[in-house]
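Below is one structure, written out as structure tokens, with a few remarks after it.
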Amino acid sequence: MSEFFVTEEMASDRIDQLIEAGNAIGVSPTFVITGNYFPGKREDFERYLNDHGIEFFSVEEVVRPNHRHIAEELGFDDFVPPIHLWPWALLVLAIGDRMRVETGEPIRLRNLYRPMSYNERVASSGIKSDHPNACGADFDFKSSELRRQAEALIRDLSDTVPALELSLGMGRRVLHVGVMSPEGSRSWFYKDYPDRRVHLN
């Protein structure tokens, strides 16, 4: 079984779009170059994130399974994404950094990359989900007001940087933010979101 949907060939076909999206949010174009890092090594993934300016999210937080016991049952200690998906993860985290600056408060990252075998155990989403492709993450906020501030930022980015193809899942104190998902730009609401009428444009 494939642990992700976006193949290396598919990833290479989107390099120009990745660079365009990264440029628009201040990420150096070198983030698409991963040849200097060892595939699968947590230390190299940490160096990659540091090299490209991720400030508020540690590698420990990024690769930590939310349900550790399930991950261990499946043979995973942590979730380092496949190296060809690192640029997607980097864009998601760069947007996370922007939300952190916008709100001025810590934001908890919960779920970025989830291998498909794990994703099937913890969620109803399929292989085209953002998580098995390292192109989306769930962010938890201390209050609904902070979530509203971050949501406004994501909506603005969606309008001004179409190359990001942003996806947005909205809850009372949580946002799922996706970038260049296999399913394209989309939006949805969790059950506790206070006003489900306002979708991402």
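The values are calculated or read from the model by the stated rules, or taken from the named source; none is laboratory data. Computed from a predicted model, the values in this text were never measured in an experiment. Cβ sites come from the backbone with ideal geometry, for glycine too, and all protein chains shown count toward neighbours. Accessible surface is based on the protein model in full, side chains and every heavy atom, while ligands, DNA and RNA are left aside. Shrake-Rupley method; radii C 1.70, N 1.55, O 1.52, S 1.80 Å.
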With (1) open to solvent by 60 Å² or more (accessible area, probe 1.4 Å); (2) more than 20 Å from Phe4 (Cα to Cα); (3) not in a loop (DSSP other than H, G, I, E, B) as the list, and Arg172 as the residue in question, which single condition is left unmet?
-> (3)
Hits in the stretch 11-31 - residues which are at pLDDT below 95 and exposed (fewer than 13 other Cβ atoms within 10 Å of the Cβ) = Ser12, Asp13
Of the conditions (1) touching a residue at least 24 places away in the same chain (Cβ under 8 Å); (2) open to solvent by less than 70 Å² (accessible area, probe 1.4 Å); (3) not in a helix (DSSP H, G or I); (4) not hydroxyl-bearing (Ser, Thr, Tyr), Gly75 fails just one. Which one is it?
-> (1)
The lone condition Ala94 fails out of (1) among the hydrophobic types (A, V, I, L, M, F, W, C); (2) outside any loop (DSSP other than H, G, I, E, B); (3) open to solvent by less than 10 Å² (accessible area, probe 1.4 Å) is (3)
Going through (1) crowded, with 16+ Cβ neighbours inside 10 Å; (2) touching a residue at least 12 places away in the same chain (Cβ under 8 Å); (3) out of contact with any Lys or Arg (no Cβ under 7 Å at 6 or more places or on another chain) one by one, His131 fails only at (3)
Inspect all residues belonging to the stretch 106-119 and state whether any of them is in contact with a Phe, Trp or Tyr (Cβ under 8 Å, 6 or more places away or on another chain), modelled with pLDDT of 95 or more, outside any helix (DSSP H, G or I) and surrounded by fewer than 17 Cβ atoms within 10 Å (Cβ to Cβ).
-> yes
